[in-house]
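The values are calculated or read from the model by the stated rules, or taken from the named source; none is laboratory data. Predicted model, so just to flag it, every value in this text is computed and none were measured. Positions of Cβ are generated from backbone atoms using ideal geometry, with glycine treated the same way; all protein chains shown enter the neighbour counts.
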Amino acid sequence: MRAPEGEKLLWVALDNGIYIPHLCGLREAERPAASCRLCFVEVEGLPNPVTACTLPVSEGMLVHTRTPRVDRLVRTGFELLLSNHRLRCGKCEKNKNCELQKIARERGLKLRLSRLRPLISEVPVDESPKTFKYDPGRCVLCGRCVWVDHHQAKVGAIGFIRRGISRKIAAFGDVPLAESRCTECGECVKVCPVGALAFKEK
């Protein structure tokens, strides 16, 4: 297959109908976040699996998207995400249009925990904006909304706060979004791969 020089492997694969799991990737982002840890592949000549979103393609590259090591990494990363995600798909606005569901379907993974305990706590949904709502309990910390808010909308209303298990996306000062600089342009909602950000029904 052909690809533009310097194009990242993830986008080349997807453009050619080869599915690689991913949540945080945005083609427009100059520096990939590589935070979801789901797009691992093995490349012949490299000792360890690498993230497809950060690897530029090169001539003669031989890539394996499914190997025992890759599948193990993806399965573990997926379950880590599920451990901190509110799994109530039937009540989610993204049900049947969710990237987590697509990854589970494509890789034969289950949308339930088997090896890990759930870490999710009941956190309030921010329904203060007029046009959309934010459910931190469904957020997978992919950072797409933050990137779009800063680089496309150029508002800077949201960002990552705290560390470790307490890490989350919030407005400055952790105030409700309606009290922040948010203009409700809706760009963050459009790029959310799960149901953390969703437009309100009119």
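The figures follow:
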{"item": "Filtered residue count, segment 7-29, keeping only those that are at pLDDT 95 or above, more than 17 Å from Leu141 (Cα to Cα) and in contact with a Leu (Cβ under 9 Å, 6 or more places away or on another chain)", "result": "4"}
{"item": "First in segment 112-140 and in the same structural domain as Ala170 (by TED's automatic domain parsing) and under 16 Å from Leu100 (Cβ atoms), second anywhere and at pLDDT 90 or above and part of a helix (DSSP H, G or I), Cβ under 8 Å, 6 or more apart", "result": "Val140/Leu81; Val140/Leu100"}
{"item": "Index of the failed condition, Leu141 passing every other in (1) closer than 20 Å to Arg167 by Cβ; (2) touching a Phe, Trp or Tyr at 6+ places or on another chain (Cβ under 9 Å); (3) not in a loop (DSSP other than H, G, I, E, B)", "result": "(3)"}
{"item": "Residues of segment 1-22 classified as within 16 Å of Pro193 (Cβ to Cβ) and not in a helix (DSSP H, G or I), total", "result": "4"}
{"item": "Of all residues making up segment 2-39, the number that are free of Cβ contacts under 8 Å to residues at least 24 places away in the same chain, touching a helix residue (DSSP H, G or I) at 6+ places or on another chain (Cβ under 7 Å) and closer than 17 Å to Met61 by Cα", "result": "0"}
{"item": "Leading residue by the ranking (farthest from Lys8 (Cα to Cα)) among those in segment 45-98 that are in a loop (DSSP other than H, G, I, E, B) and of a type in the set (A, V, I, L, M)", "result": "Leu87"}
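The rows are residues; the columns are (1) at pLDDT 95 or above; (2) within 30 Å of Lys133 (Cβ to Cβ); (3) within 18 Å of the chain's Cα centre (by Cα).
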| residue | (1), (2), (3) |
| --- | --- |
| Ala52 | yes, no, yes |
| Met61 | no, no, no |
| Leu73 | yes, no, yes |
| His85 | no, yes, yes |
| Gly90 | no, yes, no |
| Glu93 | no, yes, yes |
